[in-house]
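J.: There's a structure below that I have some questions on.
The values are calculated or read from the model by the stated rules, or taken from the named source; none is laboratory data. These figures come from a predicted structure and were not determined experimentally. All Cβ positions, even for glycine, are placed from backbone atoms using ideal geometry, and neighbour counts span all protein chains on display.
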Amino acid sequence: MKIPCAIYRGGTSKPIFFLEKDLPRESKARDQVVLAAFGSPDFRQIDGLGGADPLTSKVAYIGPPSVPGTDINYTFGYVGIASPVIDYTGNCGNTSAAVGPFALLRGLIEPKEPVTKVRIYNTNTKKIIVAEFRVRDGEFQSEGEFRIDGAPGAGSKILLDFLDSGGAVTGKLLPTGKVSEEIQFPTVGRLTVSMVDAANPFVFVRATNLGLKGNETLEEIAGNGPLLKKCEEIRSVVAEIMGIAKKEEATKKSPGVPKIALVSPPMTYQTPKGKVEASEVDLVARMTALQKLHKAYAVTGAVCLGAAAKIEGTIVNEIYRQVQPTDPPAVRIGHPSGTIQVEIETAENNGKLQLSKAALARTARLLMDGYVYVPER
């Protein structure tokens, strides 16, 4: 089977994009085709386009809008590497950065120079993302001087605003209604955690509670099997509390959501490109994706962490307020590859706390436009 597709670097991820119409309409048949295109299940994905890494095993389906006031539909999926599963539970913010350029490439939206604005309906979270990107001579202008940590080189700035992103998966900014709570985990023991759902649902844990300083390098955490096992235990228990999946099924049925992040106060640490000083960040965080350390930090994770920093009483807020007792517009997050910042605004509406703004900048670049060949099964 010969299927049109395009590969982009979107932020710090490398997703494969398809038009909805180019794939089978029936979901099971579609997933079988996509798994074959990625070369899954196989831990090397050697017989497909997947890169054998959670950041490169991502898929996006783009189609015409189904919601008034939007320009396109966008569905995101985490493609299992060793398992034949595609997790559609949440969204990926880095992939979102390339949605507008792909839609323009395929003629789904009209180019407007110098900046094209597109309203994207994410079917996973049923939320709208507004993306703004530069256009020249009718095409996405990827060249520029803006840099993001975790991706080489520079590019043009793509602005993303995740509108009303609270309760993206669970329907509530605070899935249990509590800013923090103690939970008994089977082997980890009793921990105080905060559960927040903004752009994607997260459980936040103090790094020190799992025996970390918080500023460990990529290699130190990626090679710490017992730590990653503890993180997955916490994530699985929380998945059941949030109503996403039963704890014994979370790893298989919902490997990408909820996510877990280990949070610490600002401190100096080393990245592959050099040192980040404590004065450059408000928080230091490490997160896992599909049971592996995220080599940078997810965009949706930055939105959720930024929101948690502004919600009084969360463990993230307690750490954040030690550095920022006031409310600067941006929350600066330190991650294993550098830093990322997100502009967060919250407001009360009818007594309920809402996320009124969650904006940040990314870059993207078209890497390949062509066809993928998959076996007919």
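J.: Quick one: residue 203 ticks every box in (1) in the same structural domain as residue 300 (by TED's automatic domain parsing); (2) closer than 30 Å to residue 108 by Cα bar one, so which box is it?
T.: (2)
J.: If we scan region 317-327, do we find a residue that is in contact with a His (Cβ under 9 Å, 6 or more places away or on another chain), under 26 Å from residue 170 (Cα atoms) and in a helix (DSSP H, G or I)? Lay out the reasoning, then the answer.
T.: Residues of region 317-327 in contact with a His (Cβ under 9 Å, 6 or more places away or on another chain): none.
Checked against the condition, which is being in contact with a His (Cβ under 9 Å, 6 or more places away or on another chain), under 26 Å from residue 170 (Cα atoms) and in a helix (DSSP H, G or I), region 317-327 yields no hits at all.
J.: Does residue 27 satisfy being assigned by TED's automatic domain parsing to the domain that holds residue 119, in contact with a strand residue (DSSP E or B) (Cβ under 7 Å, 6 or more places away or on another chain) and over 27 Å from residue 302 (Cβ atoms)? So that I can check it myself, show each step before the final result.
T.: Details: assigned by TED's automatic domain parsing to the domain that holds residue 119: yes; in contact with a strand residue (DSSP E or B) (Cβ under 7 Å, 6 or more places away or on another chain): no; over 27 Å from residue 302 (Cβ atoms): yes.
Spelling it out, it is not the case that residue 27 is assigned by TED's automatic domain parsing to the domain that holds residue 119, in contact with a strand residue (DSSP E or B) (Cβ under 7 Å, 6 or more places away or on another chain) and over 27 Å from residue 302 (Cβ atoms).
J.: Continuing with the same structure: Looking only at region 267-290, which residues are closer than 15 Å to residue 207 by Cβ and either assigned by TED's automatic domain parsing to the domain that holds residue 51 or out of contact with any helix residue (DSSP H, G or I) (no Cβ under 9 Å at 6 or more places or on another chain) (or both)?
T.: Matches in region 267-290: 278, 281.
Matching residues to (1) within 17 Å of residue 198 (Cβ to Cβ); (2) crowded, with 18+ Cβ neighbours inside 10 Å; (3) in contact (Cβ under 8 Å) with a residue 60 or more places away in the chain:
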{"position": "325", "(1), (2), (3)": "no, no, no"}
{"position": "328", "(1), (2), (3)": "no, no, no"}
{"position": "335", "(1), (2), (3)": "no, yes, yes"}
{"position": "338", "(1), (2), (3)": "no, yes, yes"}
{"position": "347", "(1), (2), (3)": "yes, no, no"}
{"position": "350", "(1), (2), (3)": "no, no, no"}
{"position": "356", "(1), (2), (3)": "yes, no, yes"}
{"position": "374", "(1), (2), (3)": "no, yes, yes"}
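J.: In region 117-137, is there at least one residue being over 26 Å from residue 340 (Cα atoms), of a type in the set (Phe, Trp, Tyr) and not in a loop (DSSP other than H, G, I, E, B)?
T.: Here is the first cut: in region 117-137, the ones over 26 Å from residue 340 (Cα atoms) are 136-137.
Going one step further and asking which of them are of a type in the set (Phe, Trp, Tyr), we end up with none.
No, there is no match, as no residue in region 117-137 is over 26 Å from residue 340 (Cα atoms), of a type in the set (Phe, Trp, Tyr) and not in a loop (DSSP other than H, G, I, E, B).
J.: Between a residue in region 75-95 that is more than 29 Å from residue 342 (Cα to Cα) and of a type outside the set (Ser, Thr, Tyr) and any residue that is modelled with pLDDT of 95 or more and crowded, with 20+ Cβ neighbours inside 10 Å, which pairs come within a Cβ distance under 7 Å, given they are 6 or more apart or on different chains?
T.: Close Cβ pairs satisfying both conditions: 81/40; 81/45; 81/50; 81/57; 84/35; 84/40.
J.: Which of the residues that make up region 169-192 are in a loop (DSSP other than H, G, I, E, B), out of contact with any helix residue (DSSP H, G or I) (no Cβ under 8 Å at 6 or more places or on another chain) and on the phi < 0 side of the Ramachandran plot? Break it down into steps so the answer makes sense when it comes.
T.: Step one: list which residues in region 169-192 are in a loop (DSSP other than H, G, I, E, B), which gives 169-180, 186-188.
Narrowing further to those that are out of contact with any helix residue (DSSP H, G or I) (no Cβ under 8 Å at 6 or more places or on another chain): 169-172, 174, 177-178.
The answer is 169, 170, 172, 174, 178.
J.: Select from region 306-319 the residues that are crowded, with 17+ Cβ neighbours inside 10 Å and within 16 Å of residue 193 (Cβ to Cβ) and list them in ascending order.
T.: Passing the criteria: 307, 308, 309, 311, 314, 315, 316, 317, 318, 319.
J.: Of all residues in region 312-323, how many are closer than 17 Å to residue 279 by Cα and under 25 Å from the mean Cα position of the chain (by Cα)?
T.: Filtering region 312-323 down to residues closer than 17 Å to residue 279 by Cα leaves 319-323.
Those left that are additionally under 25 Å from the mean Cα position of the chain (by Cα): 319-321.
So the answer is 3.
J.: Which fully enclosed strands (runs of 3 or more DSSP E) of region 6-89 have 1 or more residues being small (Gly, Ala, Ser)?
T.: Working: elements: 16-19, 58-63, 72-79.
Ranges flagged: 58-63, 72-79.
J.: Which members of region 286-314 meet the condition of being part of a strand (DSSP E or B) and either free of Cβ contacts under 8 Å to residues at least 60 places away in the same chain or not small (Gly, Ala, Ser) (or both)? It would help to see each step written out before you state the result.
T.: First, the residues of region 286-314 that are part of a strand (DSSP E or B): 286-289, 292-293.
Selection gives 286, 287, 288, 292, 293.
J.: Sticking with this one: Filter region 31-66 down to the residues that are without any contact (Cβ under 8 Å) to a residue 12 or more places away in the chain and over 23 Å from the mean Cα position of the chain (by Cα) and list them by number.
T.: 46, 47
J.: Additional query: Would you call residue 109 under 30 Å from residue 254 (Cβ atoms) and either assigned by TED's automatic domain parsing to the domain that holds residue 55 or surrounded by fewer than 24 Cβ atoms within 10 Å (Cβ to Cβ) (or both)? First the steps, then the outcome.
T.: Values: under 30 Å from residue 254 (Cβ atoms): no; either assigned by TED's automatic domain parsing to the domain that holds residue 55 or surrounded by fewer than 24 Cβ atoms within 10 Å (Cβ to Cβ) (or both): yes.
For residue 109, the condition - under 30 Å from residue 254 (Cβ atoms) and either assigned by TED's automatic domain parsing to the domain that holds residue 55 or surrounded by fewer than 24 Cβ atoms within 10 Å (Cβ to Cβ) (or both) - is not met.
J.: Right, here's the next one. Out of everything in region 240-268 that is of a type in the set (Ser, Thr, Tyr) and at pLDDT 95 or above, what residue ends up being nearest to the chain's Cα centre (by Cα)?
T.: Just the residues of region 240-268 that are of a type in the set (Ser, Thr, Tyr), to begin with: 251, 254, 264, 268.
In the following step, the residues that additionally are at pLDDT 95 or above were identified as 264, 268.
Numbers: 264: 20, 268: 25 Å.
The selected residue is 264.
J.: A follow-up question, please. In the set 303, 299, 281, which member is surrounded by 22 or more Cβ atoms within 10 Å (Cβ to Cβ) and more than 14 Å from the chain's Cα centre (by Cα)? Walk me through how you get there before you give the answer.
T.: Details: 303 fails: more than 14 Å from the chain's Cα centre (by Cα); 299 fails: more than 14 Å from the chain's Cα centre (by Cα).
281 is the lone residue from the list that is surrounded by 22 or more Cβ atoms within 10 Å (Cβ to Cβ) and more than 14 Å from the chain's Cα centre (by Cα).
J.: Would you check if there is a residue in region 339-348 being assigned to a loop (DSSP other than H, G, I, E, B) and not acidic (Asp, Glu)? Step through it out loud before you land on a result.
T.: First pass over region 339-348, keeping only residues assigned to a loop (DSSP other than H, G, I, E, B): none.
Checking region 339-348: not a single residue is assigned to a loop (DSSP other than H, G, I, E, B) and not acidic (Asp, Glu).
J.: May I ask you to list pairs of residues, at least six apart or on different chains, whose Cβ atoms are under 8 Å apart, with the first in region 120-146 being assigned by TED's automatic domain parsing to the domain that holds residue 11 and surrounded by fewer than 16 Cβ atoms within 10 Å (Cβ to Cβ) and the second being of a type in the set (Ser, Thr, Tyr) and outside any strand (DSSP E or B)?
T.: Between residues of region 120-146 that are assigned by TED's automatic domain parsing to the domain that holds residue 11 and surrounded by fewer than 16 Cβ atoms within 10 Å (Cβ to Cβ) and residues that are of a type in the set (Ser, Thr, Tyr) and outside any strand (DSSP E or B), the close pairs are 143/156; 144/156; 144/363; 146/156; 146/363.
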